[in-house]
1. What are the pairs with Cβ atoms under 7 angstrom where one residue, in segment 290-305, is assigned to a strand (DSSP E or B) and the other, located anywhere, is polar (S, T, N, Q) and at pLDDT 90 or above? Sequence gap at least six, or different chains.
2. Determine whether R307 is modelled with pLDDT under 95, touching a Lys or Arg at 6+ places or on another chain (Cβ under 6 Å), among the basic types (K, R) and surrounded by fewer than 22 Cβ atoms within 10 Å (Cβ to Cβ).
3. Select, from D212, D261, D229, D224, the only residue that is touching an Asp or Glu at 6+ places or on another chain (Cβ under 8 Å) and either surrounded by 14 or more Cβ atoms within 10 Å (Cβ to Cβ) or of a type in the set (S, T, N, Q) (or both).
4. Does A136 count as small (G, A, S), crowded, with 23+ Cβ neighbours inside 10 Å and part of a helix (DSSP H, G or I)?
5. How many residues are touching a Gly at 6+ places or on another chain (Cβ under 8 Å) and either in a strand (DSSP E or B) or exposed (fewer than 13 other Cβ atoms within 10 Å of the Cβ) (or both) when one looks only at segment 65-84?
6. Look through segment 146-176, keep the residues that are under 17 Å from the mean Cα position of the chain (by Cα) and among the aliphatic types (A, V, I, L, M), and return whichever of them is surrounded by the fewest Cβ atoms within 10 Å (Cβ to Cβ).
7. When only residues in segment 27-48 that are within 19 Å of P330 (Cα to Cα) and of a type in the set (A, V, I, L, M) count, which is nearest to the chain's Cα centre (by Cα)?
8. I'd like the full set of residues that are among the polar types (S, T, N, Q), part of a loop (DSSP other than H, G, I, E, B) and within 30 Å of R118 (Cβ to Cβ), limited to segment 5-36.
Amino acid sequence: MAGNSIGQFFRVTTCGESHGAALGCILDGVPPGIPVTETDLQRDLDRRRPGSSRYTTQRREGDQVRILSGVFAGRTTGTSIGLTIENSDQRSQDYHDSKDIFRPGHADYTYEQKYGVRDHLGGGRSSARETAMRVAAGAIAKKYLQQKFAITVRACLAKMGDIRCELNDWNLVEHNAFFCPDATKLSSLDALLRQLKKSGDSIGAQITVVADNVPPGLGEPVFDRLDADLAHALMSINAVKGVEIGDGFGVVTSRGSENRDEITSSGFQSNHAGGILGGISSGQPIVAHLALKPASSIRVPGRTITRQGETVEIVTGGRHDACVGIRAVPIAEAMMAIVLMDHLLRQRAQCGDVVSDVPRW
């Protein structure tokens, strides 16, 4: 089916299903000479990996990535990079009872209407299991961005339910199971998720992703604006129902005199635009926010229909996340890195010789 690839100069194509033999990925356009090992990719995969904490699904996947091609003697060759991750902990029996039932809030109904057939085991291709390959690809993009441009891409939990987490300490993000930058909210997050697991329900979340040290000039006119491509990439993540760049929907209640990012001889005085003006990066930090819906795989009974149109009650079995936003943090980083790498390569191809006398900060 179409729609399995993203990017133009740096192109990522994925394949695989939740309960298939393996997940796969092809990366085209990676410049030669970049040091890459499986260990480099594994760090981010371990951050996304199911069963990594008591707060996420207890599916026990090792997510051990293998580099099949495109890397020789520890460096990229410029040819297509092939990646794979084997699935090893499927419990297909958990889904046999729902083979002829459409789980509410899932893609079961829409896949059936589109293709006339669907893989009901764990959601098949619609499962968030697919995002493991995006994270592996994103790890290569993040390494390129850091090595060539000193660009860092980081994400964190900004909100879970009514619990708002202030961006106080990036260093804290990697030292708790929630990817939370606010030490004062850790106990509240723990209590909320324990309560949700006990009740069998789930909760939504907001993720913030930031890219620092992005040079100005990235982005194409009109349809391939940098913010448009970022929204496309971030919106493609499972369960994401909203994407904001900069102040996002907050601009609705602001005045132009408040929202415009004034410029002085010392640089921009604010960043309401999220580092993108007219679809092109301004040199400020790129800031995006993602809203993720609560998982629909819950133990709370709900109504749905069978393949014959009969109304029935369903309780979703299997192993699932009470908040999918937690493991979305490394996925958001990967998707932003993939877009930025693609646009950097585009910029190098067309405008690599452009020199501007306009100040940069």
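The values are calculated or read from the model by the stated rules, or taken from the named source; none is laboratory data. Here the structure is a predicted model, which means the values were calculated and not measured. FYI the Cβ positions are ideal-geometry reconstructions off the backbone, even for glycines, and counts take in every protein chain you see.
1. Final answer for the pair search is L290/Q206; A291/Q206; R303/T311; I305/T311.
2. no
3. When all the criteria are applied, what remains is D229.
4. Taking the combined requirement at face value, the residue satisfies it.
5. Adding up the residues that qualify gives 9.
6. That would be V173.
7. First pass over segment 27-48, keeping only residues within 19 Å of P330 (Cα to Cα): 27, 36-48.
Remaining after also requiring of a type in the set (A, V, I, L, M): 27, 36, 41, 45.
Working: L27: 17, V36: 21, L41: 15, L45: 12 Å.
For segment 27-48, the residue satisfying everything is L45.
8. Of everything in segment 5-36, just one residue is among the polar types (S, T, N, Q), part of a loop (DSSP other than H, G, I, E, B) and within 30 Å of R118 (Cβ to Cβ), namely S18.
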